[in-house]
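Colleague: Below is the structure I would like to discuss, written out as structure tokens.
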Amino acid sequence: MPLDPAIQKEMAAWIHKSSEDLRAAELDLGATPPLLSDSLFHCQQACEKILKALLCGLQTPFHKTHDLNELGTLALDSFPEFDPLLESIAHLTTYAVESRYPSDAPDPQVEEVTGNIQLSKHFVSEILTLLKSF
């Protein structure tokens, strides 16, 4: 059964925002000097928003949160096979807030950011492939 047009529109909006965050993550990495913390923030945001697109498609309610574990758990009810993929991005949750404020945490390194961008791109791609079946 096709999704309601309103749900399709909401999914498309989340997908678009996720795509913008992936682009921002790459632009931040390429800046001179690179904006590493900001890039990590956008990695987290891209994964969060694609999960929200998925939850919209599943018609699974969610509340305002940046917690990828919480959002992922809601999606696992319908797609338990995604558990390893969700586990691979769970650490990105910390970048939703921590990267936005001064901290005693060590500054991120280029290799860490590059790896997380690739991980985020893979995650978003996997969810987009799944969403095509809706």
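Colleague: For the chain, how big is the tail of P(r) above 24 Å, as a whole percent of Cα pairs?
Modeller: Details: 2433 of 8911 pairs.
Considering the chain, 27 percent of its Cα-Cα pairs are separated by more than 24 Å.
Colleague: Tell me which of Ile50, Phe123, Thr93 sits at the most positive position along the dipole axis of the chain, charges placed on C-beta atoms (Lys, Arg +1; Asp, Glu -1).
Modeller: Farthest towards the positive end: Ile50.
Colleague: Shifting gears a bit: Tell me the angle of helix 110-131 to the major Cα principal axis of the chain, expressed in degrees between 0 and 90 and rounded to the nearest ten.
Modeller: 10 degrees
Colleague: Same structure, new question: Need the C-alpha centroid separation for the stretch 75-130 versus the stretch 13-52, integer Å.
Modeller: So the separation of the two Cα centres works out to 11 Å.
Colleague: Assigning unit charges at the beta carbon (Lys, Arg +1; Asp, Glu -1) and nothing else, what dipole magnitude in debye, to the nearest 20, does the chain show about its Cα centre?
Modeller: On the way: 9 positive and 20 negative charges, 116 e Å.
For this selection, approximately 560 debye.
Colleague: Express the relative contact order of the stretch 5-131 as a whole percentage, based on alpha carbon pairs under 8 Å and six or more residues apart in sequence.
Modeller: Details: 150 pairs, mean separation 41.4, N = 127.
Once normalised by length, the contact order is 33 percent.
The numbers here are math on the coordinates, done by the rules we state, and not lab data. Remember, it's a predicted structure, so these values are computed and weren't measured experimentally. A quick note on method: Cβ atoms are made from the backbone with ideal geometry, for glycine too, and the neighbour counts reach across all protein chains shown.
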